[in-house]
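Working notes, beginning with the structure itself.
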Amino acid sequence: MDLFEPANVEIVCGIDEAGRGPLAGPVCAAAVVLNPSRFIAGLNDSKQLSEKKRDALAPLIREFAVAWAVGWASVEEIDELNIRQANFLAMKRAFAGLGVTPTQALVDGNDPPPLSCKVRCIVGGDASEPAISAASILAKTSRDALMIDLCAQYPGYGFSKHKGYGSAAHMEAIRRLGPSPVHRRTFAPVRDMLARAG
């Protein structure tokens, strides 16, 4: 029998993003439908977990979840649309990639993305709702892995360390090297440097 029969069974997915605030790299969102009969111990807000713990949990989530997907919005889309709309786009892409049709989406924060199901925003949901915690972990680990790859493509910026966030070392690297192709031109620190250079 199909897991979601009869048709009136509620299918709840958790959605969260990673990379809304950095000066470089895309924004990443994940959507996860957990399997209630396959408990995953240790789920929490990805920011509250060590990198080692996140990296251990991510494959368990992929293995045990009923469905999961990761969606991205590029640096170009962030600069064209603004980060809020790009974040929504990444969430919609993750939602669409699930392969099942949730009846409700639980989203971390207080800004509901436009999805084709009921959306409930939960402030602090990445720490209190297991499905959002799982999405938080998949988004964070997926984005971190990409930033490590970008560090090899664009050496000198330290992307593998700060993951694109505006650390002092990152700001100094931008001043020294100029922005890379994966820097967000509409974010104030990068925009201001470009304006001064121009």
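Quick check on this structure: which one of Ala69, Ala127 is in contact with a Phe, Trp or Tyr (Cβ under 8 Å, 6 or more places away or on another chain), surrounded by 13 or more Cβ atoms within 10 Å (Cβ to Cβ) and either over 30 Å from Ala188 (Cβ atoms) or touching a residue at least 40 places away in the same chain (Cβ under 8 Å) (or both)?
Ala69
Any residue at all in segment 145-157 that's touching a Leu at 6+ places or on another chain (Cβ under 7 Å) and without any contact (Cβ under 8 Å) to a residue 60 or more places away in the chain?
The answer is yes, given that some residue of segment 145-157 is touching a Leu at 6+ places or on another chain (Cβ under 7 Å) and without any contact (Cβ under 8 Å) to a residue 60 or more places away in the chain.
Can you spot a residue in segment 177-187 that is charged (D, E, K, R) and either free of Cβ contacts under 8 Å to residues at least 24 places away in the same chain or more than 15 Å from Ser74 (Cβ to Cβ) (or both)?
So far as segment 177-187 goes, no, none of its residues is charged (D, E, K, R) and either free of Cβ contacts under 8 Å to residues at least 24 places away in the same chain or more than 15 Å from Ser74 (Cβ to Cβ) (or both).
Consider Arg120 carefully, then state whether it is under 27 Å from Asn35 (Cα atoms), basic (Lys, Arg) and outside any loop (DSSP other than H, G, I, E, B).
yes
Being among the polar types (S, T, N, Q) and more than 15 Å from Ala131 (Cα to Cα) is the filter; apply it to segment 102-120 and report the residue that is surrounded by the fewest Cβ atoms within 10 Å (Cβ to Cβ).
Applying the filter and picking the extreme gives Asn110.
Starting from segment 54-65, keep only residues that are without any contact (Cβ under 8 Å) to a residue 60 or more places away in the chain, then list their pairs with residues that are among the basic types (Lys, Arg) and assigned to a helix (DSSP H, G or I) whose Cβ atoms are within a distance under 8 Å, requiring at least 6 positions of separation or different chains.
Sorted first by the residue in segment 54-65, then by its partner, the list stays empty.
Taking Ile137 as the residue in question, decide whether it is crowded, with 24+ Cβ neighbours inside 10 Å, among the β-branched types (Val, Ile, Thr) and closer than 17 Å to Cys28 by Cα.
For Ile137, the condition - crowded, with 24+ Cβ neighbours inside 10 Å, among the β-branched types (Val, Ile, Thr) and closer than 17 Å to Cys28 by Cα - is met.
Say we look at segment 141-198 and pick out the residues that are among the basic types (Lys, Arg) and surrounded by fewer than 17 Cβ atoms within 10 Å (Cβ to Cβ); which of these is farthest from the chain's Cα centre (by Cα)?
This residue is Arg196.
When the residues of segment 34-47 are filtered to those that are surrounded by fewer than 20 Cβ atoms within 10 Å (Cβ to Cβ) and within 15 Å of the chain's Cα centre (by Cα), which remaining residue is farthest from Ser128 (Cα to Cα)?
This residue is Lys47.
Each value in this text was obtained by applying a stated rule to the coordinates, not by laboratory testing. Here the structure is a predicted model, which means the values were calculated and not measured. So basically every Cβ, Gly included, is an ideal-geometry build from the backbone, and we count neighbours across all protein chains shown.
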